[in-house]
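J.: Handing you a structure now.
The values are calculated or read from the model by the stated rules, or taken from the named source; none is laboratory data. For clarity, every value in this text was computed on a predicted model and none was experimentally measured. Cβ atoms come from the backbone with ideal geometry, glycine included; neighbour counts cover every protein chain shown.
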Amino acid sequence: MRESEIQKQCIDYLKAHGFFVWRNHVQRVKISGGSANNPAKGSPDIFAIKQGTFYAIEVKTPIGKVSQIQRTWLQTAKDHGAVSMVVRSIEELIQFLDLFRDNPNCLQNFPFEILN
């Protein structure tokens, strides 16, 4: 399955469950005299908010690699109170959300990815 298909499944699930959700589009920006990376480079694919909690969700295929800049972005968001995660399927998203719902503090020391 392509990453874009997993993203769509995740967005549809989040919307159906009462999240305010949007897809993050990170692009290069052109500046005078050349180009520079968007300051949001490395930010996750999906942002969502529900009941005052901010979620940063990076979506990868089962074989996709999370870059160091993406890991740094997720850690920084986590350090500022966001729930940060990497998911490779809709099932992993649901598993993360169930973990958080059952124990909101559990993700503080939880890795970004569910390791099977």
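Each row is one residue, and each column tells you yes or no for (1) touching a Lys or Arg at 6+ places or on another chain (Cβ under 7 Å); (2) surrounded by fewer than 19 Cβ atoms within 10 Å (Cβ to Cβ).
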position: Pro44; (1), (2): no, no
position: Lys50; (1), (2): no, yes
position: Thr53; (1), (2): no, yes
position: Val59; (1), (2): no, no
position: Lys65; (1), (2): no, yes
position: Ile69; (1), (2): yes, yes
position: Gln75; (1), (2): no, yes
position: His80; (1), (2): no, yes
position: Ser84; (1), (2): yes, no
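J.: Oh, and also: Restricting to the range 15-52, and then to whatever is among the aliphatic types (A, V, I, L, M) and in a loop (DSSP other than H, G, I, E, B), can you tell me which residue is modelled with the lowest pLDDT?
T.: Start the filter on the range 15-52 by keeping residues that are among the aliphatic types (A, V, I, L, M), which leaves 16, 21, 26, 29, 31, 36, 40, 46, 48-49.
From what is left, the residues that are in a loop (DSSP other than H, G, I, E, B) are 26, 40.
Details: Val26: 66, Ala40: 71.
Among them, the one singled out is Val26.
J.: So, one more: Find the residue count for the range 53-103, including only residues that are farther than 15 Å from Ile11 by Cα, among the hydrophobic types (A, V, I, L, M, F, W, C) and out of contact with any Phe, Trp or Tyr (no Cβ under 9 Å at 6 or more places or on another chain).
T.: Looking only at that region, the number is 3.
J.: For residues that are out of contact with any strand residue (DSSP E or B) (no Cβ under 6 Å at 6 or more places or on another chain), farther than 24 Å from Met1 by Cβ and either at pLDDT 90 or above or not hydroxyl-bearing (Ser, Thr, Tyr) (or both), tally how many sit in the range 74-99.
T.: The total comes to 4.
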